[in-house]
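Taking it in order: structure first as C-alpha cells, then the write-up.
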Amino acid sequence: MNRVRLHKLAARPDGTEWIVGRPATGTFVAVPEAGKRVLDLLGQGLSTGEAARRLARETGHELDVVDFVDALVGLGFVAEVDGRPVPLPDPPRPTLPRLLPHHVRWTLSPLLPVLVGLLIAVALTVRPDGVSLGYRALLWSDHGSLVLAFGAASGWTLLLLHELAHLVTARATGVPGRIRLGTRLQFLVMQTDISGIELAARRHRMTAYLSGVAVNLAAASAAALAAGATEGTVHRMLAALTVLALLPLPFQLMVFMRTDLYFVLQDLTRCRDLYGDGRAYARYTARRLTGRRPPDPSLALPAHERRAVRVYSAVLVVGTVLCLAFLATVTLPADAALLTRAASGLTATGSTTAQRLDAAAVLITLGGVHVLWARTWWRRRRERRTR
C-alpha cells in the first residue's frame, strides 16, 4: 500500500479528539489529533510512508499509518488504494434526493426558533376559549367513524411533518437523511436516520434533534389560536387537532428508547454512545448480581461519560421493564381479545354482514400492524447483523 485517495470527509474538533466521518454514508469515528493529521497529509496526496515520516518529524512519535489506513478502508473512507478503486456498496439512497442543502438552509436560521417560540407564547397567553386538552376534545363528532378517520389522517400528517422537520434541518447541514419505519420495543414508529449530524456544529445538531418537537408545538399552537377564532364543527375539529399535535410529546420523554430527547441528552452529556454504553453497563451489573465478576466496561470511559452512562443504564432498565410489563399485561391481552372476538365474529353462523365487515376491519387493521411491526423488526435486525 503506497498512496490512497479518500472519499469526501468532514471533521470537527471534540475536546482533545476529532470527529471525522463520511457524510454520504453517515459513518463517523473519533480519532486523536495525530489521526486527523494523517488524514490531512493523505488528503494532500502524500503516500503512507511520507505521511508516517512527516508525522514522526512533527510529533516525535511513530505511527503505523498502514494499519490506520486499513481501519479507514473498513470504515468506507478510502476510495482508491494505489489507483485501484476500493469496492464498496453504494451509499443508502436519501429520502427526497432532489432536496439540496441550499434549498433548506433557512431552517438553520436563528430567527426560526424565535418565531416558533413567539407562536407558542401567544397561544399560552391568549388561551383560546373552548379549547380543552382533555380526551373529550378528540370526540368532536357523534359519528365514531369520522372521529377515527380524522384522527388517523391528522396523526399521520403530523407524524410525517415531524420527521420531515428532522430531514430538512439535517439536509441543510449536508447530511442526506432517510425516513423509514422502525421499532422501539413494542412500538412501530416512523423515524429519520440523520447519521452524520454529529459532524455539524452544536447549534445545528440541536436544531435537527428538536425540530420535530418544534413542529408539534407550533402545530398545536396554531390550531389552538385558529380554534379560538372559529365556531361550530370547525372549532371542534381544530380543538381536536390541538390535542392530536400534543399527544406524541410525552413519548419523547422515554429517552430509554432513543427518542429525540435522547439525542439531546447524549449531546449535552458529551457521550459518544449513551445507549450502547448504557446497555453494556446494565449487562455488567446483571452479571455481577449473578455472582460473576466481569470487567466494568464504564471504566474505559472518561469520568464525565462514566457518570452519565451509569445513571442512564438505570433509566434504561427501569423504562424497558415497565414498557414490556405494560405490553404483557395490557396491550397483548387486549389485542388477543380483539383478534379472537373478530375471528369468531367472522366465522360465526349467525353474524350479520355488518358484524362480519367490522370483524374483518379489526383483523386487517390490528393484524396488519402486528405483521408490519414484525417485518420491520426483522429487517432492522438483519441490517444490524450485516453491519
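The values are calculated or read from the model by the stated rules, or taken from the named source; none is laboratory data. Everything numeric here is computed off the predicted structure, so don't read it as measured data. For neighbour counting, all protein chains shown are included, and Cβ atoms are generated from backbone atoms with ideal geometry for every residue, glycine included.
The number of residues in region 139-191 being among the hydroxyl-bearing types (Ser, Thr, Tyr) and either over 17 Å from the mean Cα position of the chain (by Cα) or assigned by TED's automatic domain parsing to the domain that holds Ala374 (or both) comes to 4. Residue pairs whose Cβ atoms lie under 9 Å apart, separated by 6 or more positions or on different chains, with the first residue in region 107-121 and at positive phi and surrounded by fewer than 15 Cβ atoms within 10 Å (Cβ to Cβ) and the second of a type in the set (A, V, I, L, M) and at pLDDT below 95, do not occur. If the condition is being aliphatic (A, V, I, L, M) and either assigned to a loop (DSSP other than H, G, I, E, B) or in contact with a Lys or Arg (Cβ under 6 Å, 6 or more places away or on another chain) (or both), then region 102-123 contributes only Val104.
Of the residues in region 161-203, how many are assigned to a helix (DSSP H, G or I), in contact with a strand residue (DSSP E or B) (Cβ under 9 Å, 6 or more places away or on another chain) and not small (Gly, Ala, Ser)? Going through region 161-203 one residue at a time, the tally reaches 7. Which one is nearest to the chain's Cα centre (by Cα) among residues in region 272-297 that are on the phi < 0 side of the Ramachandran plot and part of a loop (DSSP other than H, G, I, E, B)? Among those that are on the phi < 0 side of the Ramachandran plot and part of a loop (DSSP other than H, G, I, E, B), it is Asp273. On the stretch given as region 135-149, residues that are assigned to a helix (DSSP H, G or I) and either closer than 13 Å to Leu241 by Cα or in contact with a Leu (Cβ under 6 Å, 6 or more places away or on another chain) (or both) total 7. Is one or more of the residues making up region 320-329 in contact (Cβ under 8 Å) with a residue 40 or more places away in the chain, within 15 Å of Phe187 (Cα to Cα), of a type in the set (Ser, Thr, Tyr) and surrounded by 16 or more Cβ atoms within 10 Å (Cβ to Cβ)? Looking for residues that are in contact (Cβ under 8 Å) with a residue 40 or more places away in the chain, within 15 Å of Phe187 (Cα to Cα), of a type in the set (Ser, Thr, Tyr) and surrounded by 16 or more Cβ atoms within 10 Å (Cβ to Cβ), one finds at least one in region 320-329, hence yes. Taking (1) under 22 Å from the mean Cα position of the chain (by Cα); (2) part of a helix (DSSP H, G or I); (3) of a type outside the set (Phe, Trp, Tyr) in turn, Leu99 satisfies each apart from (2).
Looking at Ala286, Ala303, Ala308, just one residue is of a type outside the set (Phe, Trp, Tyr) and touching a Leu at 6+ places or on another chain (Cβ under 8 Å), and that residue is Ala308.
Of the residues making up region 64-87, just one is closer than 14 Å to Leu9 by Cα and either in contact with an Asp or Glu (Cβ under 6 Å, 6 or more places away or on another chain) or aromatic (Phe, Trp, Tyr) (or both), namely Phe77.
Within this structure, Val317 fails the test of being touching a Pro at 6+ places or on another chain (Cβ under 9 Å) and part of a helix (DSSP H, G or I). Using beta carbons and a limit of 8 Å, which pairs, at least six apart or on different chains, have the first residue in region 51-72 and surrounded by 11 or more Cβ atoms within 10 Å (Cβ to Cβ) and the second one acidic (Asp, Glu)? From region 51-72, the pairs are Ala52/Glu62; Ala52/Asp64; Ala56/Glu62.
In summary, Thr230 fulfils each of the numbered conditions (1) over 20 Å from the mean Cα position of the chain (by Cα); (2) closer than 20 Å to Arg306 by Cα; (3) outside any helix (DSSP H, G or I) with the single exception of condition (2).
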